[in-house]
Amino acid sequence: SKGCKLVGCGSAVPALEISNDELSQIVDTSDEWISVRTGIRRRRVLSGKDNLTTLAVEAARKALEMAKVDSDDLDLILLCTSTPEDLFGSAPQISKQLGCKTNPLSYDITAACSGFVLGLISAACHIRGGGFNNVLVIGADALSRYVDWTDRGTCILFGDAAGAVLVQGCNSEEDGLLGFDLHSDGNGQRHLNAGIRENESDNALDSNGSVFGFPPKPSSYSCIQMNGKEVFRFAVRCVPQSIESALQKAGLPASCIDWLLLHQANQRIIDAVATRLELPSERVISNLANYGNTSAASIPLALDEAVRSGKVKAGQTIATAGFGAGLTWGSAIVRW
Ligand code: ACO
């Protein structure tokens, strides 16, 4: 069967940086509390002319440049996001703004902080079974738009960013996707969600609450609701299991992992997973101090920094895992 390899990466973050001290001016918190509990020190937030699509396009251009692939040679663009500019999806706009003359198939994938891992596996499936060759996988999110900036339990965690990876078909000897494992469980949705506003979803009922009402009012989404402790427990339990299962499918022991690259949600989650897998901290990639939790963008953003700084070298094995709302989680063992 056909192989697929990762041939380029890129990332982009908004210009506006907000430090923990600046946050402590709008909610009752402190730099010490945030850094000790999460490892986060600053985050970037969309402002001015930046938007999710422009960030995604910038990350995509850099990935194409590294891969030395022309945008006209793209066959597929997967935009992994929960915060598109358009409810119907923003991926076709990315193709347009990249100037792709060939109009590659472009669509959005929604799976919160697991979106990028899901996108990577979807890209591989399209390459292996669908006749696609050059697939751009973009993880981009702007959770700042859905954060309640008066809720200190959530607003300290998130930042905005985009990251991209170009996945290319190759022969099976060069295959760079060695194993994967994906899950979802709707039972955990109550612990982490940004649902449609209830009063508005009820608006099909009339004032008596019984008769069908028409026409309905336009809807909107509520801010992110989270039970941090439950999400923490879920991540620390499910992520090591998932990585172990992906390793098993790849036929590799954990000692083969050169780099552990988890979704960047909380340093304590990253440390706990590394301990469970018996991986020393020197093999763990982390940049959440500078960007916070950037949802679907966090893995390709951290990968891009690690590749460009020379940390991750060609031929090395990376264990990556995403986890978050849905609940969704999954992991992939990839060779860079
Ligand atoms: N500043 C100061 N105090 C705070 C803050 C804050 N920003 N937030 C909460 N506190 C207080 C609480 O009120 C509580 O006070 P109390 O003891 O008087 O009641 C105390 O600190 C402890 O609060 P906890 O919520 O129990 O703190 P915890 O140690 O669990 O840390 C945190 C909270 C950081 C949110 C942690 O639970 C966590 O990171 N969980 C995982 C969250 C996560 O990764 N979510 C994203 C998933 S990705 C996606 O799909 C969107």
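Excluding Glu173 itself, calculate the net charge of residues whose Cβ lies under 12 Å from the Cβ of Glu173, where each Lys or Arg counts +1 and each Asp or Glu counts -1. Here the charged neighbours net out to +1.
Between Gly326, Gly39, Gly48, the residue with the greatest mean-square fluctuation in the GNM of the chain (Cα pairs under 10 Å linked by springs) is Gly48. For the chain, with a Gaussian network of springs between Cα atoms less than 10 Å apart, report the residue from Leu192, Leu143, Leu166 with the top mean-square fluctuation. Between Leu192, Leu143, Leu166, it is Leu192 that shows the largest mean-square fluctuation.
Once you reduce segment 1-52 and segment 300-336 to the center of their Cα atoms, the two points are 17 Å from each other. Put in line by how crowded their Cβ is, counting other Cβ atoms within 10 Å and starting with the fewest, Asp141, Asp271 read Asp271, Asp141. Bridge orientation summary for the chain: considering DSSP beta bridges with both residues in this region, about 70 percent are antiparallel. Each part gets one Cα centre, and for segment 268-284 versus segment 114-135 those centres are 28 Å apart. Taking every DSSP helix (H) stretch of at least 4 residues in the chain, weighting each as -39,500 (n - 2.57) and dividing the sum by the residue count yields a mean residue ellipticity at 222 nm of -9500 deg cm²/dmol.
P(r) tail, the chain: Cα-Cα pairs separated by more than 35 Å, 20% of all pairs.
Pairs over the 22 Å Cα-Cα cut-off, from the set Lys62/Lys96; Lys68/Lys313; Lys2/Lys313: Lys2/Lys313. Taking other residues whose beta carbon is less than 12 angstrom from the beta carbon of Gly115, and scoring Lys, Arg as +1 and Asp, Glu as -1, yields -2.
Other residues within the sphere of radius under 11 Å centred on the Cβ of Cys100, judged by their own Cβ, net out at -2 (K and R +1, D and E -1).
A short reminder: the numbers here are calculations on the coordinates, not readings from a lab. Computed from a prediction, not measured in an experiment: that's the story for all the values here. Reconstructed Cβ throughout: ideal geometry from the backbone, glycine too, with neighbour counts over all protein chains shown.
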